[in-house]
Amino acid sequence: MEEKFIPYEKMSAKERRKIDNMRRGTWGGTVPVTKKVPSGKIYSRKIKHKNSLV
């Protein structure tokens, strides 16, 4: 016999926690802070091209 479909909102907190833990993954050893893309609006003092110092 198949289990009845129960919407996520109507599940008990215990069942929702079980599903959330199954869906939740790991970062796989990567640090999310190092994957941050720098904003284009911020002024950067770093030289963009080495050859442009003429």
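In loop segments of the chain as defined by DSSP, the chymotrypsin sites (Phe, Trp or Tyr not before Pro) with at most 14 further C-beta atoms inside 10 Å of their C-beta are F5, W27, Y43.
Return a single number: how many Lys pairs in the chain, at a sequence separation of 8 or more or on separate chains, have alpha-carbon atoms below 18 angstrom apart.
Numbers: K4/K14; K4/K18; K10/K18; K36/K46.
Lysine pairs meeting both conditions in the chain amount to 4.
Helix-only mean residue ellipticity at 222 nm, the chain, DSSP H runs n ≥ 4 weighted -39,500 (n - 2.57), per residue, nearest 500. What is it? Don't jump to the answer; show the numbers that get you there.
Details: 1 runs with 11 residues, N = 54.
Computed mean residue ellipticity for the chain: -6000 deg cm²/dmol.
Suppose we flag trypsin sites (Lys or Arg not before Pro) only when DSSP calls them loop and at most 11 other Cβ atoms lie within 10 Å. Which is the longest uninterrupted stretch of the chain?
Details: sites that count: K4, R24, K36, K41, R45, K46, K48.
Between the exposed loop sites, the longest stretch runs 5-23.
Global size of the chain: 23.8, 78 Å for Rg and Dmax (C-alpha atoms, Rg to one decimal, Dmax whole).
Principal-axis analysis of the Cα atoms of the chain puts helix 13-23 at an angle of about 40° to the longest axis.
With a probe of 1.4 Å, find how much accessible area the chain has per residue, and write the answer as a whole number in Å². Each step should come with its number before you reach the end.
Values: 6440 Å² over 54 residues.
Accessible surface, normalised per residue, equals 119 Å².
Near R16, once Lys and Arg are set to +1 and Asp and Glu to -1 for all other residues with Cβ below 14 Å from its Cβ, the sum equals +3.
The values are calculated or read from the model by the stated rules, or taken from the named source; none is laboratory data. Just so it is clear, the model here is predicted, and its values are computed rather than measured. FYI the Cβ positions are ideal-geometry reconstructions off the backbone, even for glycines, and counts take in every protein chain you see. Each accessible area value is taken on the protein alone, full model and side chains, heavy atoms only, with ligands, DNA and RNA left out. Shrake-Rupley method; radii C 1.70, N 1.55, O 1.52, S 1.80 Å.
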